[in-house]
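A.B. asks: To start, I am sharing the structure in question, which I have written as C-alpha cells.
The values are calculated or read from the model by the stated rules, or taken from the named source; none is laboratory data. These figures come from a predicted structure and were not determined experimentally. Cβ: placed from backbone, ideal geometry, glycine included. Neighbour counts: every protein chain shown.
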Amino acid sequence: MQLNDLHKEFMFHIQVKGLTPRTIKSYKDNNKRFIAYLENEHEITELDEIKTLHIKQYGMQLKNKGRKETYINSIYKSIRSLFNYCIEEGYLLSKHNPCTGVKWLKEETPVIKAFTSEEIKAMVNAYKMPTYLEARNKLIIMVLADTGIRNLELCHLLKSNVGETTIKIMGKGKKERYLAISPALKKYLMKFDRIRDQYLKDDFRSNDNLFLSYTGKPLTVEAVERVVKIAGERAGITRDIRISPHTLRHTYAQLMLLNGIDVYSLSRLLGHEDISITKRYLQSLDDEKVIEKAIGISPLMNL
C-alpha cells in the first residue's frame, strides 16, 4: 500500500475518533515528516518496505539535530498509532509491526514551575470591571486558576454547563467530568452574566459559549493565550516562568497537592487518562514544601 494513500486514510480515521484539533494536527505533521524521510533517505514508498531499523534511524537523526527525548517520543507515538491502524484494518500482521522493536526514550523529569498565590491575585486584578472585554478576561484568569481546566476546554465551556457549585467540562475524547467552583468564582460569574447581557447584541446572546469575542464568536486557544500573557505583563511578572494557561493549570495542580488531595483524585479532576502524567506535579514540588506538608498531616499533630 502506498504510504501517501495510507496517510490520507489514517487522517480520516482519527478525525472520526473525535480527537482534539491539536492532536490531529500533531499526528498529521509527525507522520507526514516520517513518510517524507522514508522517501528521501531510503526511497521507501510502500508500507511493507518499512523496517524497525528505519524508525530507529529516524529517531537518531532527530536526536542528532538536537531534538529532546520528549519530542522524539511524541513522534514515535504518532508512528505507532499509524501502524496500529494498519493492523486493525488488516493491512499488516501484528507480528510484522516495525514499532514492536522500538523502545521509548528515557525522558528527563521536567521541573514544572508554578505561579505564587500573590502572582495569581495580581493577574486576576490586572483586568478591571467596566468593559465587557476586561470583565471577560478577568473571568478567564479566574476560571483557569480555580478549576485547572485546559485552554481548549475553557474555549468550549458553555453557559448551560455552569451550575451553582460545579461546572461540566467536555474533555479530551469527549469525556465529561465535573469540577467544583469556589464561591468567589460563582459570585463573579453572576456579575459577568449581567455585563455579558448588557454588552452583547441580541443575536449574540443565543450563543451558549460562555466566552465570546467582541464579534460574538467563541474564543480560540490563541486568544486565551494572549489574555493570560497580557495579565502576566500587567501583573509585573518578570521571573523565568512561562506565562500561559498551562502554567495556571500547573499551579492549580500543585496547590491541590499541597492542600492534601491524593494523586488519584487530582488525576480525575485534571482529566488525565494516565496517572503517570499527574505524578509529574508531585515530583516537581520543592522538598521543603513536601516536608512542610508531611509535618502538617502527621498523626501526632492532633494528639
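A.B. asks: Touching a residue at least 12 places away in the same chain (Cβ under 8 Å), surrounded by fewer than 14 Cβ atoms within 10 Å (Cβ to Cβ) and basic (Lys, Arg): is that true of Arg226 in this structure?
C.D. replies: On the way: touching a residue at least 12 places away in the same chain (Cβ under 8 Å): no; surrounded by fewer than 14 Cβ atoms within 10 Å (Cβ to Cβ): yes; basic (Lys, Arg): yes.
No; evaluated as a whole, the condition is false for this residue.
A.B. asks: Now a separate question. Restricting attention to the stretch 144-203, report how many residues are in a helix (DSSP H, G or I), over 21 Å from Leu219 (Cβ atoms) and either of a type in the set (Gly, Ala, Ser) or not assigned by TED's automatic domain parsing to the domain that holds Thr278 (or both).
C.D. replies: Qualifying residue count, the stretch 144-203: 2.
A.B. asks: I would also like to ask the following. Out of (1) more than 16 Å from Ser74 (Cβ to Cβ); (2) outside any helix (DSSP H, G or I); (3) under 25 Å from the mean Cα position of the chain (by Cα), the odd one out for Ile44 is which?
C.D. replies: Tallying (1) more than 16 Å from Ser74 (Cβ to Cβ); (2) outside any helix (DSSP H, G or I); (3) under 25 Å from the mean Cα position of the chain (by Cα), Ile44 fails exactly one: (3).
A.B. asks: Here is a follow-up. How many residues does the stretch 69-92 hold that are assigned to a helix (DSSP H, G or I), among the acidic types (Asp, Glu) and out of contact with any Lys or Arg (no Cβ under 9 Å at 6 or more places or on another chain)?
C.D. replies: Of the residues in the stretch 69-92, the ones assigned to a helix (DSSP H, G or I) are 69-88.
Restricting the remaining residues to those that are among the acidic types (Asp, Glu) gives 69, 88.
Filter again for out of contact with any Lys or Arg (no Cβ under 9 Å at 6 or more places or on another chain), leaving 88.
Going through the stretch 69-92 one residue at a time, the tally reaches 1.
A.B. asks: For the stretch 191-209, indicate whether the set of residues that are surrounded by 19 or more Cβ atoms within 10 Å (Cβ to Cβ), closer than 26 Å to Leu266 by Cβ and touching a residue at least 40 places away in the same chain (Cβ under 8 Å) is non-empty.
C.D. replies: No, the stretch 191-209 has no match at all.
A.B. asks: Can you name every residue in the stretch 96-142 that is under 30 Å from Gln57 (Cβ atoms), within 24 Å of the chain's Cα centre (by Cα) and not aromatic (Phe, Trp, Tyr)?
C.D. replies: Once the filter is applied, which keeps residues that are under 30 Å from Gln57 (Cβ atoms), within 24 Å of the chain's Cα centre (by Cα) and not aromatic (Phe, Trp, Tyr), the stretch 96-142 yields Leu105, Lys106, Glu107, Glu108, Thr109, Pro110.
A.B. asks: When you scan the stretch 111-121, do you find a residue that is in contact with a Lys or Arg (Cβ under 9 Å, 6 or more places away or on another chain), farther than 30 Å from Arg234 by Cα and either touching a residue at least 60 places away in the same chain (Cβ under 8 Å) or in a helix (DSSP H, G or I) (or both), even just one?
C.D. replies: No: the stretch 111-121 contains no residue that is in contact with a Lys or Arg (Cβ under 9 Å, 6 or more places away or on another chain), farther than 30 Å from Arg234 by Cα and either touching a residue at least 60 places away in the same chain (Cβ under 8 Å) or in a helix (DSSP H, G or I) (or both).
A.B. asks: To continue, here is another question. Leu6 fails exactly one of the following numbered conditions: (1) buried (at least 17 other Cβ atoms within 10 Å of the Cβ); (2) within 25 Å of the chain's Cα centre (by Cα). What is the number of that condition?
C.D. replies: For Leu6, the exception is condition (2).
A.B. asks: A further question on this structure: What number goes with the only condition from (1) surrounded by 14 or more Cβ atoms within 10 Å (Cβ to Cβ); (2) within 27 Å of Asn151 (Cα to Cα) that Gly59 does not pass?
C.D. replies: (2)
A.B. asks: Can you tell me which residue within the stretch 12-37, out of those that are aliphatic (A, V, I, L, M) and at pLDDT 95 or above, is surrounded by the most Cβ atoms within 10 Å (Cβ to Cβ)? Show your work before the answer.
C.D. replies: Just the residues of the stretch 12-37 that are aliphatic (A, V, I, L, M), to begin with: 14, 16, 19, 24, 35-36.
Now narrow it down to the ones that are at pLDDT 95 or above: 35-36.
On the way: Ile35: 20, Ala36: 12.
That would be Ile35.
A.B. asks: Among Leu219, Leu257, which is in the same structural domain as Arg280 (by TED's automatic domain parsing), farther than 20 Å from Leu133 by Cα and over 15 Å from the mean Cα position of the chain (by Cα)?
C.D. replies: Only one candidate qualifies: Leu257.
A.B. asks: Given the conditions (1) in a loop (DSSP other than H, G, I, E, B); (2) surrounded by 15 or more Cβ atoms within 10 Å (Cβ to Cβ), which single one is not true for Gly66?
C.D. replies: Every condition holds for Gly66 apart from (2).
A.B. asks: Would you be able to tell me the number of residues in the stretch 93-110 that are closer than 30 Å to Thr247 by Cβ and assigned to a helix (DSSP H, G or I)?
C.D. replies: 0
A.B. asks: For the stretch 36-48, does any single residue satisfy the condition of being under 24 Å from Met60 (Cα atoms) and touching a Cys at 6+ places or on another chain (Cβ under 8 Å)?
C.D. replies: For the stretch 36-48, residues under 24 Å from Met60 (Cα atoms) and touching a Cys at 6+ places or on another chain (Cβ under 8 Å): present.
A.B. asks: Identify, by number, the condition in (1) in a helix (DSSP H, G or I); (2) touching a residue at least 40 places away in the same chain (Cβ under 8 Å) that Ile241 doesn't meet.
C.D. replies: Ile241 satisfies all of (1) in a helix (DSSP H, G or I); (2) touching a residue at least 40 places away in the same chain (Cβ under 8 Å) except (1).
A.B. asks: Is there a residue being in contact with a helix residue (DSSP H, G or I) (Cβ under 8 Å, 6 or more places away or on another chain), free of Cβ contacts under 8 Å to residues at least 24 places away in the same chain and either in the same structural domain as Glu222 (by TED's automatic domain parsing) or not hydroxyl-bearing (Ser, Thr, Tyr) (or both) anywhere in the stretch 97-106? Spell out the reasoning first.
C.D. replies: Taking the stretch 97-106 first, the residues in contact with a helix residue (DSSP H, G or I) (Cβ under 8 Å, 6 or more places away or on another chain) are 97-102, 104-106.
Pick out the ones that are also free of Cβ contacts under 8 Å to residues at least 24 places away in the same chain and you get 97.
Among the residues that remain, those that are also either in the same structural domain as Glu222 (by TED's automatic domain parsing) or not hydroxyl-bearing (Ser, Thr, Tyr) (or both) are: 97.
Yes, the stretch 97-106 has at least one match.
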